[in-house]
Amino acid sequence: QVQLVESGGGLVQAGGSLRLSCAASGSIWGIRAMGWYRQAPGNQRELVAAITTGAGSTNYADSVKGRFTISRDNAKTTVYLQMNSLKPEDTAVYYCNYNTIPFNYWGQGTQVTVSS
């Protein structure tokens, strides 16, 4: 059984920063990419950022480029999301994702709330 444990969410004021972490409880074989998604009430879940395990290539949603940074540890067991210059529109539940073949693993979600 694989579990992804998220931490780092909370309440911050606009312009503040948070760092989210997501760690696997055990070994996961065949990780192709690691990423972060978010979902706000009334919205679809959207990809925020992703990083490949091979080359370390990254992709970001246009709305967070220049403000958010995704990274991983050298062992590829933990993925991070550094969020700077937070805006109220960043408020959402954030979910980490480990993409493997053939499965996707999801964290439990952590609430990020940005006040104006």
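The values are calculated or read from the model by the stated rules, or taken from the named source; none is laboratory data. Only a predicted model underlies this, so the values are computations on that prediction, with no experimental measurement involved. We place every Cβ from the backbone using ideal geometry, glycine too, and count neighbours over all the protein chains shown. Note: areas computed on protein heavy atoms with side chains; ligands, DNA, RNA excluded. Shrake-Rupley method; radii C 1.70, N 1.55, O 1.52, S 1.80 Å.
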Here the qualifying pairs (Cβ atoms under 6 Å; residues six or more apart or on different chains; first in segment 32-56 and in contact (Cβ under 8 Å) with a residue 24 or more places away in the chain; second among the small types (Gly, Ala, Ser) and assigned to a loop (DSSP other than H, G, I, E, B)) come out as VAL48/ALA61
Scanning segment 61-88 residue by residue, those among the hydroxyl-bearing types (Ser, Thr, Tyr), closer than 20 Å to SER25 by Cα and part of a loop (DSSP other than H, G, I, E, B) turn out to be THR77
Count - residues of segment 16-60 that are of a type in the set (S, T, N, Q) and either touching a Ser or Thr at 6+ places or on another chain (Cβ under 7 Å) or in a strand (DSSP E or B) (or both):
5
Suppose we filter segment 85-103 for residues that are over 23 Å from GLN44 (Cα atoms) and open to solvent by less than 60 Å² (accessible area, probe 1.4 Å); how many remain?
0
If I filter segment 63-76 for residues that are surrounded by 14 or more Cβ atoms within 10 Å (Cβ to Cβ) and modelled with pLDDT under 95, do I get at least one hit?
yes
Residue check, GLY109 among the small types (Gly, Ala, Ser), touching a residue at least 24 places away in the same chain (Cβ under 8 Å) and either open to solvent by less than 70 Å² (accessible area, probe 1.4 Å) or on the phi > 0 side of the Ramachandran plot (or both)
yes
Going by the conditions given, is SER7 among the small types (Gly, Ala, Ser), touching a Leu at 6+ places or on another chain (Cβ under 9 Å) and open to solvent by 30 Å² or more (accessible area, probe 1.4 Å)?
yes
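Say whether the condition of being on the phi > 0 side of the Ramachandran plot, at pLDDT 95 or above, open to solvent by 20 Å² or more (accessible area, probe 1.4 Å) and of a type outside the set (Lys, Arg) is met by at least one residue in segment 44-62.
no
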